[in-house]
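Worksheet: one structure, shown below.
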Amino acid sequence: MSAGAPEAVLWDALRGALVTRALALAADLRLAHAVSGPRSVEELARDTGADADTLHRILRALASDGIFAETAPGVFENTVVSALLRTDGWDDFAHLFGGVWLKALAGLDASGAPSFPRLHGTGFWEWLAAHPEERAAFDRAMEQGWQDRLERLDSVGWRGDETVVDVGGGNGSLLLALLERHPQMRGIVFDLPETVRDESAFDDRCTFVGGSFFERFPSGDAFVLSTVLHDWDDASALRILRVVHAAAPDGARLVLLESTVEPGNERDGAKWLDLLMLALFAGRERSEAQWRSLLAEGGFAPVRIGGGAIEARAA
């Protein structure tokens, strides 16, 4: 539960969309990059093409939450928080959260239907395919926190000589990092053909295969799905698992890098991410019981669930 006066808790919750939009504006203007040291609003406005008064009001509001700092009247610099916008796809996350995702969330209702298709006339993935700059931003954002995902992935334990299929693996950075730790391992990145990637990063140990995970998978000893199934409703997620199972030999390992919704009232980012998944494509975050049920229907026996990683075996 949140601490503090009830009115303050409610106010902070109500103004959340304002913070989200202000962060998106800061990211799109690349303010964290422009503020390499104390800079005046006039200098920043000149460099970014923004209106100086509006820019001051945006930065002043963000500084009140510790995102940027006003070190003198009209003079701003980075904090450890705003400096994150310079690295690891956080600026792309801010762009998405305060742009197309915010619009989808504003259209969310209690019907159980995703709002994105209703607002845009197409599904989120189809919309990304038609907007390559947004697709590139999305792919970069998905790389944020890859080091943590690598640690979770490596925690399951490997023989070291497997062929690992990274389903929805994007530009391959996660799998390539895993292969660096295991020189005898081979890998296949499987994702949509339009995924933005550096072809020079792939070699004879790791290849890219384009396709749809609703149709088929390359065969392998282990299948990694990093934040894939939460994008889909239960029926669609089950279809994906069954296609994986069809490509998996008996005993093949399935590793899901996914959140598990915990019971109780403690702070839990998965419970908020769940609403974004609903708005975009009727996806969902899942509890341990929901994961166990879904895996069993898909033909997999759970080995462990929790800590951001789910391990199962093809039954």
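Read-outs: derived from the displayed coordinates by stated rules, not from any lab. Because the structure is predicted, anything quoted here is derived from the model rather than measured. Methodologically, a virtual Cβ is constructed for each residue, glycine included, from the backbone with ideal geometry; neighbour enumeration extends over all protein chains shown.
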| query | Any idea what the alpha-carbon Rg over 2.2 N^0.38 Å comes to for the chain? | reply | 1.09
| message | Compute the distance from the alpha-carbon center of the range 50-99 to that of the range 177-212, in whole Å. | response | 35 Å
| What length, rounded to one decimal in nm, is gained on full extension from PHE214 through to THR54, with 0.36 nm per residue of separation minus their alpha-carbon distance? | 52.9 nm
| request: Just need the Rg to Rh number for the range 103-149, please, alpha carbons only, Kirkwood Rh. | output: 1.09
| query | Once you list every other residue whose beta carbon is under 13 Å from the beta carbon of GLU194, what net charge do they have if Lys and Arg are +1 and Asp and Glu are -1? | reply | -3
| Span per principal axis, largest first, for the Cα atoms of the range 142-314 (Å) | 47, 33, 29
| Convex hull projection area averaged over all views, the range 1-128, Cα basis, nm² | 10.2 nm²
| query | Relative contact order for the chain: what is it in percent, counting Cα pairs under 8 Å that are at least 6 residues apart? | reply | 14 percent
| So what's the range 226-282 giving for Rg/Rh, alpha carbon basis, Kirkwood Rh from the mean inverse pair distance? | 1.05
| Per-residue HN-Hα couplings for the range 308-315 [Karplus 6.51, -1.76, 1.60; θ = phi - 60°; Hz; x = Gly/Pro] | x, 9, 10, 10, 9, 10, 5, 8
| message | Out of all DSSP beta bridges in the chain, what portion is antiparallel? Express it as a percent rounded to 5. | response | 45 percent
| Looking at the chain, which longest stretch skips every one of the trypsin sites (Lys or Arg not before Pro) that is in a DSSP loop with at most 16 other Cβ atoms within 10 Å, leaving the sites themselves out? | 31-158
| query | In whole angstrom, how far apart do the alpha carbon centroids of the range 2-41 and the range 215-246 sit? | reply | 37 Å
| Amide H of PHE300: which non-local residues (sequence gap of 5 or more, or other chain) have their own amide H closer than 5 Å, using H built in the peptide plane? | ALA315
| For THR163, which sequence-distant residues (separation of 5 or more, or a different chain) have an amide H within less than 5 Å of its own amide H, given hydrogens modelled in the peptide plane? | ARG186, ASP221, ALA222
